[in-house]
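First the structure, in the form of structure tokens, and then the observations on it.
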Amino acid sequence: MLLEINPDNPQPRLIAKVVEILKNGGVVAYPTDTTYGIGCSIFSKKGIERIYQIKQRDRKKPFSFICADMSEISRYARVSNYAFKLLRRLLPGQYTFVMEAATVVPDLLQTKQKTVGIRIPDNKICLAIVKELGAPIVTTSANLSGEDPIGNPWAVEHELGKQLDLVVDGGDLSADVSSVVSLIGDRPEVLRKGVGDVSWCE
């Protein structure tokens with residue numbers, strides 16, 4: 001099912017509909033500042049398992065998740081002083097930052113090294129969803145593993161709609177991915193070059 005939400009001024013009653021599905025362990029597709037993502041509450045083990053099945057993704061590859069703001073990041077990751085300054089400067093934005101996980105993060109979303117990938121996309125719809133939910137949501141591109149991301153909500157509905165509880169239509173997006181930067185060591189390390197500018201890492 002497609003639910004059209006205004007990308008510039010998301011309607012609270014429609015955001016509430018999405019959140020109700022997520023609170024019940026549902027899985028939805030939603031817009032980000034790069035492409036469409038698939039997600040559920042990070043505390044829904046059943047939802048996370050469903051996303052692995054939908055994407056046909058290797059269980060050894062944990063998903064990243066979206067936080068609403070800096071204070072929420074600080075709850076779910078151990079943020080060094082230099083990392084905090086970087087995050088404040090670059091977020092919201094087209095980045096996924098890898099940091100050491102806090103103990104509250106479910107094991108399913110941590111790597112063997114106890115790290116997590118966290119985003120704050122520059123997209124009003126997905127941030128409104130996370131804020132209303134009161135917890136982060138899983139973020140992974142809306143596609144089968146190994147295939148190109150999908151930037152059109154109707155295409156997401158056509159390809160994956162039968163396996164999702166809802167597709168949020170936030171308009172046409174790119175088929176790009178975020179840049180992934182590790183903040184684990186003493187200096188940033190680029191793990192994947194996406195649309196987020198990483199020249200500041202060099």
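Given the C-alpha centroids of the range 116-192 and the range 57-102, what is the distance between them in whole angstrom?
14 Å
Is any residue of the range 17-44 close enough, with backbone N under 19 Å, to a label point placed 7 angstrom from the Cα of residue 102 along the Cα-Cβ axis, and if so, which?
Answer for this model: 41-44.
Hey, got a sec? Which GluC sites (Glu not before Pro) in the range 109-186 land in a DSSP loop and have at most 12 other Cβ atoms within 10 Å?
Within the range 109-186, the qualifying GluC sites (Glu not before Pro) (loop, at most 12 other Cβ atoms within 10 Å) are 147.
Calculate how steeply helix 124-133 sits against the longest principal axis of the alpha-carbon atoms of the chain, using the helix alpha-carbon long axis, and give the answer as 0 to 90 degrees to the nearest 10.
Around 90 degrees separate the two axes.
Using alpha-carbon pairs under 8 Å, 6+ residues apart, how would you state the relative contact order of the chain in percent?
Relative contact order for the chain comes out at 32 percent.
Please return the longest stretch of the chain lacking exposed loop sites, where trypsin sites (Lys or Arg not before Pro) count only if DSSP places them in a loop and at most 10 other Cβ atoms lie within 10 Å.
With trypsin sites (Lys or Arg not before Pro) excluded where exposed in loops, the chain gives 113-202 as its longest stretch.
With a 1.4 Å probe and all protein chains left in place, how much of the accessible area of the range 1-135 comes from carbon and sulfur atoms, in whole percent?
Carbon and sulfur: 47 percent of the exposed surface of the range 1-135.
With a ≥ b ≥ c taken as the square roots of the eigenvalues of the C-alpha gyration tensor of the range 1-136, please select rounded if a/c is under 1.5 and otherwise prolate if a/b is larger than b/c or oblate if it is not?
Note, shape of the range 1-136 comes out oblate.
What are the ³J(HN,Hα) couplings of the range 183-199, residue after residue, when phi is run through the Karplus curve with 6.51, -1.76, 1.60 and θ = phi - 60°? Round to Hz, x for glycine and proline.
Running phi through 6.51 cos²θ - 1.76 cosθ + 1.60 with θ = phi - 60° gives 10, 6, x, 7, 9, x, 10, 7, 9, 8, 8, x, 7, x, 4, 10, 4 Hz.
Amide H to amide H, which residues 5 or more places from residue 191 or on other chains are under 5 Å from it, using H placed in the peptide plane?
180, 181, 182
With every protein chain left in place, what is the accessible area per residue of the chain in square angstrom, probe 1.4 Å?
Per residue, the chain has 49 Å² of solvent-accessible surface.
The values are calculated or read from the model by the stated rules, or taken from the named source; none is laboratory data. Small disclaimer: the values here were computed from a predicted structure and weren't measured. Ideal geometry is used to build each Cβ from the backbone, glycine not excepted, and the neighbour counts take in all protein chains shown. Keep in mind that these areas ignore ligands, DNA and RNA; they rest on the heavy atoms of the full protein, side chains included. Shrake-Rupley method; radii C 1.70, N 1.55, O 1.52, S 1.80 Å.
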